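The values are calculated or read from the model by the stated rules, or taken from the named source; none is laboratory data. Since we're looking at a predicted model, the values are computed, not measured. Here the Cβ positions follow ideal geometry from the backbone for every residue, glycine too, while neighbour counts run over all protein chains shown. Quick note on the areas: whole protein, heavy atoms, side chains included, nothing else; ligands and nucleic acids left out. Shrake-Rupley method; radii C 1.70, N 1.55, O 1.52, S 1.80 Å.
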Amino acid sequence: MSLRIPGPTPCPENVLQAMRKQMINHRGKEFAELLSEATSKLKEFFQTKEDVFILTCSGTGAMEAAIVNSLSPGDKVLSLSIGVFGDRFATIAEQFGADVTRLSFEWGQAVDPDAAKRALEADPRIKAVLVTHNETSTGATNDLAAIGSVVREYDKLLLVDAISSLGCIDLQTDAWGCDVVVTGSQKGWMVPPGLAFVSVSERAWKAHAEAKMPRFYWDFTKAKDFLEKDQTPFTPAVSLFYALDAALKMLADEGLSNIFARHARLGQKAREGVKSLGLSLFANESCASNTITAILSPDGVDSKKLVQTVREEHGIVLAGGQGSLAGKIFRIGHLGFVNDADIDDVIAQLRLALPKVGYKVPVG
Ligand SMILES: *Cc1c(COP(=O)(O)O)cnc(C)c1O
């Protein structure tokens, strides 16, 4: 089976093998070296000189950490949402008592930075802005540099869900003024699920000092205090650190710009391939993602049936639609350990599978 969903993504064999090692003392020297090495490599991928922490949790845990470490109940927050994960970020903030203004854009479109600017202009009490860099549910990528520049202009805190983009698509944490950025190990990092990485800017530390939302496991102060002695506050997922170490070495060997170029090429290939089958992309092409392609199911075809056929008869696991897009779209993940041949294969298998669910692929 080839896994072409947007996480968990396939892991290279040596990353899997790395996890077979015996446990070590997480308060000992060996783990200290692992943690310190991984943290400094991650800073390069985040393109930040500020703090980066490795948390033992899935991506959503890091989203919650971003919220509870930066805000107090009653704080005004602007949510910029273009899909399921943008909505989730807003919901987390609401659950912890933030006063969230939801600025939502049509699914398949990107955030309009001018609309964000108007919202900030209209309500000076807004303290923080929540945004998803790459909306996995719709296959659209936001112009984070433009959004960052608006948020800086109004001197607000910018909290970014970059779970399905960081390490694949350019994200300049410091240069773009991102205060807290989160990502998860099972997306572009070629590591199994269970670790999340989060950056914290100086501005975020200032907010943190006043933030009163309840937190214990997620507390950035604890993370920072322990990182000073190359430890984590609580028992980390030690085996995943072995995997992370192996994966970061591979990614560092490939190099940031080559990784971005590969994802750009694969994204382009996926979009062209899908169009060659006569299908339509769900996301506006001007903001189409280089890590995930969302495709409209052909008229009269339930995408669940197509995904099932491709899995059962063609050995490829695709993703369906989430939320209101269930049955209407399907998605090809092309992030992490993936190459040109993988995308060619998906398109070739789709060409064979589509007629079985009642769609005639146009010739030529
Ligand atoms: C996968 C994903 C999440 C959720 O991450 P989990 O690891 O499942 O908690 C959140 N946001 C985006 C953009 C994602 O792609």
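Some points to look at:
- Accessible area ranking (1.4 Å probe, heavy atoms, ligands and nucleic acids excluded), largest first, for TYR242, TYR359: TYR359, TYR242.
- Helix-only CD estimate at 222 nm, as mean residue ellipticity for the chain, using -39500 (n - 2.57) per DSSP H run (n ≥ 4): -13000 deg cm²/dmol
- Nearest 10 degrees, 0 to 90: helix 59-70 Cα axis against the chain principal axis: 30
- Accessible surface, the chain, averaged per residue in Å² (probe 1.4 Å): 39
- For the range 47-83, backbone nitrogen atoms closer than 19 Å to the point 7 Å from GLU37 Cα along Cα-to-C-beta are found at 52-55.
- Rounded if a/c under 1.5, otherwise prolate or oblate - the range 13-252, Cα gyration tensor axes: prolate
- Near the amide H of SER2, within less than 5 Å, lie the amide hydrogens of ILE316, VAL317, all on another chain or at least 5 residues away, with H placed in the peptide plane.
- Whole-angstrom gap from the range 106-173 to the range 341-364, using each part's C-alpha centre: 35
- Solvent-accessible surface of protein heavy atoms, probed at 1.4 angstrom with all chains present, puts TRP107, TRP189 in the order TRP107, TRP189, largest first.
- Using the Karplus relation 6.51 cos²θ - 1.76 cosθ + 1.60 with θ = phi - 60°, the per-residue 3J(HN,Hα) values for the range 88-99 come to 4, 4, 4, 5, 4, 4, 5, 4, 9, x, 6, 9 Hz, with x marking Gly and Pro.
- Within the chain, DSSP assigns beta bridges of which about 50% are antiparallel (rounded to the nearest 5).
- Distant-in-sequence amide H partners of SER104 (H built 1.01 Å from N, under 5 Å): SER81
- Binned Cα-Cα distances of the range 107-182, short to long, each 5 Å bin given as a whole percent: 3, 17, 29, 25, 17, 7, 2
- The range 13-252 - percent of accessible surface contributed by carbon and sulfur, probe 1.4 Å: 51
- For the range 247-300 versus the range 20-75, the spacing of their alpha-carbon centroids is 28 Å.
- Model label zone, ASP143; criterion: amide N under 11 Å from point 7 Å along Cα-to-beta-carbon; scope the range 265-308: 287
- Nearest-ten-degree value, helix 29-46 long axis tilted from longest Cα axis of the chain: 60
- Relative contact order, whole percent, for the chain stands at 24, derived from Cα pairs under 8 Å and 6 or more residues apart.
- Our coupling estimate for the range 125-132, obtained by passing each phi through the Karplus curve with A = 6.51, B = -1.76, C = 1.60 and θ = phi - 60°, is 6, 4, 9, 9, 10, 9, 8, 9 Hz, Gly and Pro reported as x.
- Alpha carbon convex hull of the range 255-357, volume per residue in cubic angstrom: 99
- Across the range 255-357, the mean sequence separation of Cα contacts (distance under 8 Å, 6 or more residues apart), normalised by length, yields a relative contact order of 30 percent.
- 0 to 90° range, to nearest 10: angle between helix 113-122 axis and the chain longest Cα axis: 40
- Distance violations [Cα-Cα > 31 Å] among LYS21/LYS305; LYS43/LYS305; LYS29/LYS127; LYS76/LYS304; LYS41/LYS222: LYS21/LYS305; LYS43/LYS305; LYS29/LYS127; LYS76/LYS304
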